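Heads up, the thing below is written out as structure tokens.
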Amino acid sequence: MQAWRDELEELLLAWEDGTLDDAGADRLRALLRASEEARRQFARWQALNAALWLEGNRVPDAIGGPATEPMGGSVAEAVAEHRTVVFPARDMDEAPLTRRLRRWRSLAVTAVALAIGVVSWSLWNGLARPSAAPFDVASPEVAQAPAASASGAGGVLSGGERAESVASVLPSESRSRGVAVLGRVLDARWAPGEGPREAGDPLLPGVVRLDEGFAQIEFFSGATVVLQGPAELELIAADRAVLRRGRLRAHVPPAARGFTLLSADLQVVDLGTEFGVSVSEDGRTEVHVFDGLVEWSTDGTQPRRLSAGKALVRTGKELLPAGAAAEERFVGLLDLQRQALDEHSERLRAWREWSKQLRRDPRLIAYYAFERQPAGNRRLVCDIEPRDPEKDGAIVGARWVDGRWPEKGALEFKRPGDRVRVHIPGEYESLTFAAWVKIDSLDRLFNSLFLTDHYDRGEPHWQILSSGQLYFSVRPVERGEPGPRDYKALSPPFWNPSLSGRWLHLATVYDYHRRTITHYLNGVRLSHHQVPAEQVVPTRIGTASIGNWSLPTLPDASFAIRNLNGSIDEFALFAAALSDEDIARMYALGRP
Amino acid sequence: MREDVLEHFVRELTGHQNRLYGYIYSLVGDHDRAADVLQETNLALWRRAAEYDPARPFLPWAFGVARMQVLAHLRDRRRDRLLLDAELAELLAEDVQRESAKLDRIQAALRECLGKLSEANRELVERRYFRSEPLEQIAQRAGRTLSAIKVALLRVRRQLGECVQRRLSADA
């Protein structure tokens with residue numbers, strides 16, 4: 001028995017290596033036909049292969065499974081969680097869903113059902129059948145083409161567009177347990193262990209510890225507080241928080257009336273106002289009312305009212321007589337806004353300065369700074385110096401919107417036709433792509449950043465999968481010719497819906513000489529891939545689109561709609577492999 | 001279809017992707033093509049969602065649908081002289097289904113078993129099975145003969161296979 005088992009394994013090893021000759025294949029088939037034991041052996045061998053492959057493709061997952069707290073984390077945290085992704089095994093035990101999410105899910109499911117209708121239709125018509133595709137694309141693209149083209153064929157179809165993301169990501173929909181969002185942040189230093197927090201981060205129930213600086217916290221009820229460090233604020237619900245120590249100023253619009261702020265021994269219910277509260281180390285609590293009215297009470301006592309201009313101080317059991325409200329001691333929204341604006345314009349200035357220098361970088365092949373053009377001008381200026389108008393892009397559909405700063409432009413890609421067409425001649429080796437991108441959602445299986453019109457030898461495709469993974473590939477052989485497939489460099493998922501609307505810096509370096517591909521998010525490596533030699537080729541661009549892929553030269557342009565749903569406000573392409581430091585610098589100097 | 005049934009269906013479908021992948025890969029023998037067939041299978045399952053009876057286990061039904069997709073794929077690709085023809089695949093389907101059904105447990109066991117390999121053996125496995133490097137290339141890089149690499153790999157595979165089986169039976 002040992003002998004045939006050895007033989008079987010040797011044959012299987014050759015088979016999966018693609019080096020099994022005809023005689024070997026015949027022998028392997030004969031063994032499998034003849035012996036039940038051989039078949040059992042085969043099944044085990046193959047299952048182990050599949051498990052190995054799945055294990056090898058385990059990547060961090062920002063979206064998945066029980067880590068359904070995308071609302072909870074900053075970008076860094078989102079990337080830190082490691083989970084299986086390519087074929088995710090989902091936890092079957094899910095925490096109870098909220099009503100709202102149930103509804104979302106059922107809508108999504110209906111949408112999928114609709115989409116499937118469209119898919120089958122186009123399959124019967126042979127439109128989207130992979131084998132009938134007008135050209136040969138890499139396999140996962142082919143595999144997913146039906147769903148993608150379904151969304152195109154169906155016209156409107158947010159349903160069709162959803163299909164793929166639902167099929168692959170549905171159970172991991174983001175469940176928000178957040179109660180507030182972090183608004184403006186100024187000179188903030190967070191307590192150790194708080195993790196980096198950024199403006200726009202959702203806040204879960206729990207304690208926010210701010211050692212220094214200011215943070216604006218926008219409760220989902222509509223109340224906003226400006227927290228002044230050092231402070232500890234415990235968020236309990238969308239309309240309820242405990243100030244453990246420190247100082248805050250609360251703005252409570254009529255819609256958020258009833259917002260309740262507690263301290264160790266005092267409860268303040270807001271009746272639609274603006275007020276300040278401070279809690280000192282020794283337990284001294286002050287309440288100052290600047291506008292409107294609040295209701296306050298201590299344990300078990302009848303609520304009493306405090307009106308605008310008044311203050312009260314409580315030390316231990318002692319309640320001091322109300323003095324005048326001291327407005328200057330509590331930094332408010334307007335102050336914060338003013339200071340944040342200063343910082344904003346400082347950052348914009350720094351970026352413009354850097355961008356001016358960058359334009360002369362000899363490594364640049366194309367650079368679009370996306371400075372707003374006069375209306376009617378549908379040209380996206382290529383900002384390389386000396387200037388080369390040949391590389392100017394043509395804006396199709398996409399419209400100008402605010403960029404990272406309100407004073408700066410960006411192009412918004414929304415509809416399936418939106419794109420910027422560019423033509424970039426020449427042959428290159430290494431390439432670096434870098435862009436500031438705001439993703440609204442990943443509606444398509446493939447969400448374009450930059451795609452050449454075709455996918456021929458040496459042509460790069462830079463896109464984001466609906467799973468939130470950055471995806472880069474270069475085709476190593478001419479279309480239709482035999483040879484190795486393209487190497488698909490897939491980052492771990494970096495995107496989840498909690499990052500929607502946030503400006504992100506994405507970069508990918510294709511290093512021809514080192515044979516590596518490296519993905520970056522916000523200046524930090526997402527993943528690094530060693531590419532087998534036969535899959536590394538010199539690169540070229542030709543005609544391409546930013547924010548879309550449409551194969552406009554092919555008759556069946558409905559094939560594979562891939563427009564980005566989001567905005568781009570800077571795009572740079574270098575004929576060189578930039579270093580980690582280069583990328584980190586680009587992020588640091590461009591951060592909004 | 002009722003909302004809760006549909007929801008259940010979606011959860012089952014996504015929860016069993018690994019197992020379906022294992023099943024399809026085992027019979028198709030190529031990761032790229034297996035990914036294609038899995039997509040087709042998912043579509044087919046969607047189309048037949050209405051036939052799904054939540055009172056009955058999802059997985060056997062899904063394997064059945066996957067089986068049809070695999071057979072169709074093998075028939076379509078007859079010209080490519082694949083190892084398995086439809087008939088042989090049918091013969092193997094039952095064993096493959098039994099193994100694939102426990103793929104998640106296999107993967108969990110495997111993870112621990114991989115941790116016990118020596119550095120060199122682990123690298124060998126990663127090159128061949130994580131990154132699909134051809135044996136020839138692995139041999140070249142390592143400066144060893146092809147047959148030496150084959151022998152080494154077979155030995156590591158056997159070690160892994162036995163370790164996984166031990167853990168599975170310990171579980172059971």
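The values are calculated or read from the model by the stated rules, or taken from the named source; none is laboratory data. Keep in mind that what you see is a predicted model, and the values were worked out from it rather than measured. All Cβ positions, glycine included, derive from the backbone under ideal geometry; neighbour counts span all protein chains shown. Keep in mind that these areas ignore ligands, DNA and RNA; they rest on the heavy atoms of the full protein, side chains included. Shrake-Rupley method; radii C 1.70, N 1.55, O 1.52, S 1.80 Å.
For this structure, a couple of remarks:
- In this rough spin-label picture, where each label sits 7 Å from Cα along the Cβ direction, the A:GLU581-A:GLU343 distance is 2.8 nm.
- Buried accessible surface for the B/A chain pair comes to about 6200 Å², total over both chains, computed with a 1.4 Å probe.
- Heavy-atom accessible area per residue - the stretch B:3-101, 1.4 Å, Å²: 41 Å²
- Once the 1.4 Å probe is applied to the protein heavy atoms, the stretch A:264-324 comes out at 49 Å² accessible per residue.
- Neighbours of B:LEU154, meaning other residues whose beta-carbon lies under 13 angstrom from its beta-carbon, give a summed charge of -1 when Lys and Arg score +1 and Asp and Glu score -1.
- The packing ranking, built from the mean of other Cβ atoms within 10 Å per residue, places the peptides B:69-76, A:329-336, A:383-390 in the order B:69-76, A:329-336, A:383-390, highest first.
- Rounded to the nearest 10 square angstrom, A:LYS408 shows an accessible area of 0 square angstrom against a 1.4 Å probe.
- Charge dipole (debye, nearest 20) of the stretch A:2-54; +1 at Cβ of Lys and Arg, -1 at Cβ of Asp and Glu: 320 debye
- Residues in the stretch B:108-147 occluded by at least 30 Å² - accessible area, probe radius 1.4 Å, against chain by itself: B:LEU110, B:ARG111, B:ARG128, B:TYR129, B:PHE130, B:LEU135, B:GLN137, B:ARG141
- Trypsin sites (Lys or Arg not before Pro) within the stretch B:1-74, DSSP loop, no more than 15 other Cβ atoms inside 10 Å: B:ARG2, B:ARG48
- Relative contact order (%) - criterion: Cα under 8 Å, at least six apart; region: chain B: 21 percent
- Residues in the stretch A:2-54 average 40 Å² of solvent-accessible surface per residue, probe 1.4 Å, ligands and nucleic acids excluded.
- Chain B - percent of accessible surface contributed by carbon and sulfur, probe 1.4 Å: 47 percent
- Note: relative contact order over the stretch A:455-537, using C-alpha pairs below 8 Å and six or more positions apart, is 25 percent.
- Alpha-carbon centroid distance for the pair the stretch A:401-463 / the stretch A:241-300, whole angstrom: 48 Å
- Carbon plus sulfur fraction of accessible area for the stretch A:355-411, probe 1.4 Å, in percent: 51 percent
- Relative contact order for the stretch A:349-505, counting Cα pairs under 8 Å that sit 6 or more residues apart, in percent: 14 percent
- Drop in accessible area of at least 30 Å² in the complex versus isolated chain, residues of the stretch B:155-172, 1.4 Å probe: B:ARG157, B:ARG158, B:GLN165
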